[in-house]
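S.K.: If you scroll down you'll find the structure; I have some questions about it.
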Amino acid sequence: MSAAGATELRRAPVPLGTAIAVQRRVIFALLMREALTRYGRHNIGFLWLFVEPMIFTIGVTALWSITKTVHGSTIPITAFALTGYSSVLLWRNMPGRCINALMPNLPLLYHRNVRIFDIFVARLLLEFAGATMSFLLLAMLFTLIGWTQLPENLLEVIGGWFILAWFGMALALFLGALSVRSELVEKLWHPLSYLTFPLSGAAFMVDALPRQAQDFVLLLPMVHGVEIVREGYFGSYARAHYDVGYIVAVALVLTFLALLQIRAVAPDIIVE
Amino acid sequence: MIRVRNLTKTYPVRDGRRTILDSISFDLARGQKLGILGRNGAGKSTLIRIISGAERPDSGSVDRGMSVSWPLAFGGAFQTALTGRDNVRFISRIYNSDFERNIAAVDEFAELGAYLHEPVRTYSSGMRARLAFAISMIIEFDCFLIDEISAVGDARFAQKCQLELFEKRRDRAMIIVSHDAAYVRDHCDHFAVLHDGQMHFHDDFEPAYALFKDLIGWSPPPDTAPETAPETGPQTASIPAIQTTA
Amino acid sequence: MIETADTTPARARARFRLPGPLFLLFVALPTLAALAYFGVLASDVYVSESRFIVRSQDKATPTALGLLLNNATLSHGTPESSAAQSYLLSRDALSALNHGNAYARAYTRPGISRFDRFDPLGLAGSFEDLYKYYEGHVRVDSDSTQGITVLTVRAYTPADAHVINEQLLRLAETTVNHMSERARHDLITTSEREVFDAKAAARAAGAALARFRNTAGVIDPEKQAPIQYELVSKLQDELIEARSDRRQLMIVAPQSAQIPALDARIKEIETRINEQSGLAAGNRKKSLAAAGEEYQRLSLESDFAAKRLAASLASLEAAENEAQRKSSYVERIVEPNRPDSAIEPHRARGILTTLVFSLIVWGVATMLIAGIREHGS
């Protein structure tokens with residue numbers, strides 16, 4: 001032990017397979033911890049994970065059905081609300097879960113295999129699982145009652161759902177990392193998420209809008225995702241307008257920025 | 001072997017950045033026990049956090065050739081809404097360790113009884129400390145990081161900790177950070193004083209302690225500088241005792 | 001595990017520079033492919049554009065949102081222009097265009113690169129494949145505020161682009177004209193047939209009335225009846241006068257020779273009265289009342305037929321107006337141009353886009369893997 005010279009000790013890095021296994025284990029541990037913390041073991045416990053979004057979706061479906069909201073297509077309002085609101089829950093709750101997620105969890109970083117990215121990803125996976133199960137169960141329930149049909153192209157629904165989830169995760173990671181830097185992120189995200197809701201494609205079909213409005217609304221990436229989901233679900237009688245390339249490009253760039261941001265904040269983090 | 005090279009860390013303060021660690025380098029071989037003395041706020045805990053990997057240095061590197069623990073007896077990672085058992089399960093998952101064996105060990109060592117199945121927020125501070133120490137002992141490391149550990153529970157439990165850490169794991173490397181000179185002296189074989197971002201290394205306790213006293217001596221008297229009062233008080237009191245035993 | 005953290009960009013970049021394979025896979029390979037494709041392989045694309053508007057006097061249908069905002073300009077455009085647009089992108093249009101396989105030939109010229117031509121390997125030559133290919137080379141955009149439709153055709157020679165655009169435009173014109181003609185036809189034929197029927201009915205009713213007048217010898221029983229009654233009352237006056245004369249004579253000179261003459265006169269008057277009142281409304285068939293019944297029926301029928309004719313003429317006129325209003329036609333604003341140089345593909349842009357996006361993908365992959373590698377065992 002001495003103040004020795006700077007002879008760098010090069011060690012073969014951990015094999016990628018091992019590292020992946022470790023990361024998977026860590027994320028799973030964080031996920032279980034998060035789920036247990038959030039829902040506890042009381043009453044229905046874990047089930048809240050998807051019961052909560054289900055209640056939201058059912059509520060909105062009921063509201064829209066009662067008020068007979070104009071949505072500009074021949075799709076039954078229940079099916080319309082189901083696809084629309086589930087999609088909103090998917091991408092909008094993710095940033096909410098990640099913003100300011102780090103501060104209360106900083107001591108976890110004492111366990112060296114727990115990285116900032118893992119803390120975010122565990123929450124995102126939980127959110128994804130909840131929104132997906134809610135959508136799945138409600139779709140099955142509504143189909144049994146006869147309010148909706150089964151999706152015409154299940155693969156397309158899944159594809160759209162995953163793209164939307166990717167977009168939501170990238171956005172969440174980016175905002176989550178950014179929120180370490182500035183509390184403005186949290187302050188601005190709340191109004192922003194409410195303002196984007198009516199524009200997000202949940203409450204209308206793009207086809208029902210006039211041309212100028214379509215061009216404007218299609219600037220929002222999530223609209224493309226919702227349209228893909230709807231086209232897959234309702235098939236030909238919902239004329240969808242979307243550009244897969246656009247939402248993928250946006251999600252990709254967001255992912256890139258998010259990962260950069262996570263790397264950038266790492267040195268600034270002070271564990272109490 | 002742990003290699004620390006040119007470690008520099010600054011924190012942002014109101015007028016610019018304050019340098020806490022200024023280009024620190026050292027090696028720690030297996031089984032070596034390094035005691036680091038320093039005043040409050042000298043950067044001891046920062047150093048521990050950087051070595052543990054919880055924080056990133058501004059520059060420089062920490063090369064861990066052996067497994068390094070999280071700062072011992074550290075209880076901050078408890079999710080207080082979860083039970084002690086859930087926290088043990090979490091740690092077991094993170095470190096890929098056998099949960100059944102671990103929960104048995106924690107149950108025996110921490111003596112929490114039925115409280116193990118209650119949320120940690122219902123624990124007393126002593127119980128939390130016991131749980132934290134017990135959890136720290138279930139994962140085996142080559143090197144333990146110990147940050148001001150002295151106050152863990154009652155005397156009997158302190159003794160158990162002593163046995164568990166310094167007797168059963170006497171072959172492990174340790175980095176002990178403290179302003180309690182006696183504690184460092186009793187458990188370490190290498191010493192360093194951290195002051196103004198610099199580490200002063202000594203193979204023997206006496207010169208290190210002399211330097212430490214020197215540095216403390218330069219600080220304002222206890223009655224005019226209240227923030228240094230708590231640490232200088234007990235230490236100056238323990239100086240004669242140390243000198244007689246040394 | 002080596003941890004180096006540094007905020008300076010140079011150090012950070014050095015840290016991300018993972019050796020070869022990732023960079024090769026995510027950046028070098030796609031960029032080289034883009035260089036090869038855009039630099040060498042891609043064929044020049046000639047773009048011909050035309051603009052037209054579907055004129056119609058009908059108002060555009062406002063959307064629900066437009067109604068809500070009370071804003072008529074928020075519309076989908078006229079149904080005719082939508083019809084023209086959807087026709088242009090239909091299999092119908094393609095099969096008309098591909099008459100004698102002309103369209104497929106234009107896109108399989110030997111000069112076109114294998115990566116751009118239709119059915120390069122001879123494996124996918126069905127009509128559906130051609131349709132898919134067609135959709136990638138024809139664009140129909142509409143500018144809804146003005147209702148202008150922009151038709152863009154991409155081909156690999158200037159002449160092809162021009163000819164195909166011209167043909168499509170003509171097809172669109174034919175479609176719109178056909179629709180317009182059909183609508184006009186539908187609207188007017190019913191009205192015309194109605195007018196024709198009404199005319200025939202009116203004619204028949206008039207003829208029947210004339211025939212009745214001839215055979216019954218009356219022009220208008222209503223008007224003739226009062227004359228009859230006046231005659232009878234005159235005769236009755238005369239009868240009363242004759243009777244009172246006879247009574248006076250019987251008192252003054254019962255044996256007068258005038259009495260038989262008066263009797264004969266009274267008898268004559270009575271006969272005449274009987275005759276005339278029977279003619280007006282009597283038991284005999286030829287009475288005026290009997291003729292009036294038939295006359296009434298015929299004249300009513302004739303009236304009705306005349307009114308029906310007038311109504312149907314009016315509705316024919318309205319239909320003609322409606323048809324006029326509904327008629328629509330394609331008006332060319334910009335004739336299809338014949339491009340003199342290729343403006344696509346955007347070679348530099350294509351290469352640059354590929355490079356930028358592959359760098360981003362590589363960045364993401366690198367950071368993800370570096371993140372995974374931070375997990376020691």
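S.K.: Under the definition of Cα pairs under 8 Å and six or more residues apart, what whole-number percent is the relative contact order of chain A? Walk me through the intermediate numbers first.
M.R.: Values: 338 pairs, mean separation 65.7, N = 272.
Relative contact order here is 24 percent.
S.K.: Right, another one. Might you report the magnitude of the Cβ-based charge dipole of the range A:16-267 about its Cα centre, with Lys and Arg at +1 and Asp and Glu at -1, to the nearest 20 debye?
M.R.: I would put it at about 780 debye.
S.K.: Next question. So how exposed is A:MET222, as accessible area in Å² (1.4 Å probe, rounded to 10)?
M.R.: Counting only protein heavy atoms, the figure is 10 Å².
S.K.: Okay, next question. Per residue of A:31-40, how many C-beta atoms from partner chains lie within 10 Å of its own C-beta, taken as a mean? All intermediate terms of the calculation are to be shown ahead of the outcome.
M.R.: Numbers: counts 1, 4, 10, 1, 0, 7, 5, 1, 0, 3.
Average per residue, whole number: 3.
S.K.: For every helix of n ≥ 4 consecutive DSSP H residues, a contribution of -39,500 (n - 2.57) applies; sum these over the protein assembly as shown, divide by its total residues, and give [θ] at 222 nm rounded to the nearest 500 deg cm²/dmol.
M.R.: Details: 29 runs with 505 residues, N = 895.
About -19000 deg cm²/dmol.
S.K.: Give me the percent of accessible area attributable to carbon and sulfur for the protein assembly as shown, probe 1.4 angstrom.
M.R.: 59 percent
S.K.: Using a 10 Å cut-off around each Cβ of peptide C:360-372, what is the average number of partner chain Cβ atoms that fall inside?
M.R.: Details: counts 6, 3, 1, 6, 9, 2, 1, 8, 3, 3, 2, 10, 12.
The per-residue average across the peptide is 5.
S.K.: Among B:LEU112, B:LEU211, C:SER315, whose Cα lies farthest out toward the positive end of the dipole of the protein assembly as shown, if unit charges sit on the beta carbon of Lys, Arg (+1) and Asp, Glu (-1)?
M.R.: C:SER315
S.K.: Only bridges with both residues in the protein assembly as shown count here: give the DSSP antiparallel percent, nearest 5.
M.R.: Numbers: 45 of 61 bridges.
Antiparallel bridges: around 75 percent, rounded to the nearest 5.
S.K.: Would you list A:THR57, B:THR122 from the most to the least accessible area, probe 1.4 Å? Each step should come with its number before you reach the end.
M.R.: Values: A:THR57 0, B:THR122 70 Å².
Sorted descending by solvent-accessible area, the residues read B:THR122, A:THR57.
S.K.: Provide C:PHE115, A:PHE167, A:PHE256 ordered by accessible surface of protein heavy atoms (probe 1.4 Å), highest first.
M.R.: C:PHE115, A:PHE256, A:PHE167
S.K.: Something else: Taking the 0 to 90 degree range and rounding to the nearest ten, how far is the long axis of helix A:48-67 tilted relative to the main principal axis of chain A, both from C-alpha atoms?
M.R.: 30 degrees
S.K.: Distance check, please: which entries in B:LYS33/B:LYS168; B:LYS33/B:LYS160; C:LYS234/C:LYS267; B:LYS44/B:LYS213; C:LYS199/C:LYS326 exceed 25 angstrom between their Cα atoms?
M.R.: Numbers: B:LYS33/B:LYS168 15 Å; B:LYS33/B:LYS160 20 Å; C:LYS234/C:LYS267 15 Å; B:LYS44/B:LYS213 17 Å; C:LYS199/C:LYS326 28 Å.
Checking Cα-Cα distances, C:LYS199/C:LYS326 exceed 25 Å.
S.K.: Along Cα→Cβ, 7 Å out, is where each label goes; now give me the distance between the ones at C:ARG182 and C:ALA208 in nm to one decimal.
M.R.: So the two model labels end up 4.2 nm from each other.
S.K.: Using a 10 Å cut-off around each Cβ of peptide B:41-54, what is the average number of partner chain Cβ atoms that fall inside?
M.R.: Working: counts 0, 0, 0, 0, 2, 2, 0, 1, 5, 2, 0, 5, 11, 11.
Taking the mean over all residues of the peptide, I get 3.
S.K.: For an R0 of 30 angstrom, estimate the FRET efficiency from the Cβ-Cβ distance between C:GLU222 and C:ARG193 and round to the nearest 0.05.
M.R.: Once the sixth-power term is evaluated, E becomes 0.25.
S.K.: Using the Karplus equation 6.51 cos²θ - 1.76 cosθ + 1.60 (θ = phi - 60°), what ³J(HN,Hα) coupling, rounded to whole Hz, does each residue of the range C:116-132 give in order, writing x for Gly and Pro?
M.R.: 10, 6, 6, 6, x, 9, x, 9, 10, x, 6, 5, 4, 4, 4, 4, 4
S.K.: Provide the per-residue ³J(HN,Hα) series for the range A:85-90, in order, calculated from phi with Karplus coefficients 6.51, -1.76, 1.60 and θ = phi - 60°, each as a whole number of Hz, with x at glycine and proline positions.
M.R.: Values, residue by residue: 6, 4, 5, 4, 4, 4 Hz.
S.K.: If we count every other residue with Cβ under 10 angstrom of B:GLY31's Cβ, Lys/Arg +1 and Asp/Glu -1, where does the sum land?
M.R.: Numbers: positive: B:ARG30, B:LYS33, B:ARG170, B:ARG172; negative: B:ASP142, B:ASP171, B:ASP189.
That works out to +1.
S.K.: For B:LYS9, go through the aspartates and glutamates and keep the ones whose alpha-carbon is under 19 Å away, minus same-chain ones fewer than eight residues off.
M.R.: Those aspartates and glutamates meeting the cut-off are A:ASP268, A:GLU272, B:ASP22, B:ASP27, B:GLU55, B:ASP58, B:ASP63, B:ASP147, B:ASP196, C:GLU3, C:ASP6.
S.K.: Taking amide H atoms as placed 1.01 Å from N in the peptide plane, list the residues 5 or more away in sequence, or in a different chain, whose amide H sits under 5 Å from that of C:ILE333.
M.R.: C:ARG51, C:PHE52, C:ILE53
S.K.: Also, quick follow-up: What FRET efficiency do you get for A:PHE197 and B:LYS168 if R0 is 60 Å and r is their Cβ-Cβ distance, rounded to the nearest 0.05?
M.R.: On the way: r = 59 Å, r/R0 = 0.98.
Approximately 0.50, to the nearest 0.05.
S.K.: Right, next: Checking the a/c ratio against 1.5 first, then a/b against b/c, what shape does the Cα gyration tensor give for the range B:84-175? Mind showing how you got there, number by number?
M.R.: Values: a/c = 1.85, a/b = 1.19, b/c = 1.55.
Verdict is oblate for the range B:84-175.
S.K.: Same structure, new question: Compare A:TRP189, A:TRP91 by solvent-accessible area with a 1.4 Å probe and give them largest first, with all protein chains kept in place. Don't skip to the end; give the middle numbers.
M.R.: Working: A:TRP189 25, A:TRP91 5 Å².
Largest to smallest exposure gives the sequence A:TRP189, A:TRP91.
S.K.: Before we go on, tell me the buried accessible area for the A/B pair, both chains summed, 1.4 Å probe, in Å² to the nearest 100. Could you put the intermediate results ahead of the total?
M.R.: On the way: alone 14990 and 12270 Å², together 23820 Å².
Chains A and B together bury roughly 3400 Å² of accessible area.
S.K.: Any chance you could look up the accessible area of A:VAL51 with a 1.4 Å probe, heavy atoms only, rounded to 10 Å²?
M.R.: Using a 1.4 Å probe on the heavy atoms, I get roughly 40 Å².
S.K.: How much of C:LEU25 can a 1.4 Å solvent probe reach, expressed as accessible area in Å² and rounded to 10?
M.R.: C:LEU25 has an accessible surface of roughly 100 Å² with all protein chains in place.
The values are calculated or read from the model by the stated rules, or taken from the named source; none is laboratory data. All values derive from a computational prediction rather than experimental measurement. Every residue, glycine as well, gets a Cβ built from its backbone with ideal geometry; the counts of neighbours run over all protein chains shown. Each accessible area value is taken on the protein alone, full model and side chains, heavy atoms only, with ligands, DNA and RNA left out. Shrake-Rupley method; radii C 1.70, N 1.55, O 1.52, S 1.80 Å.
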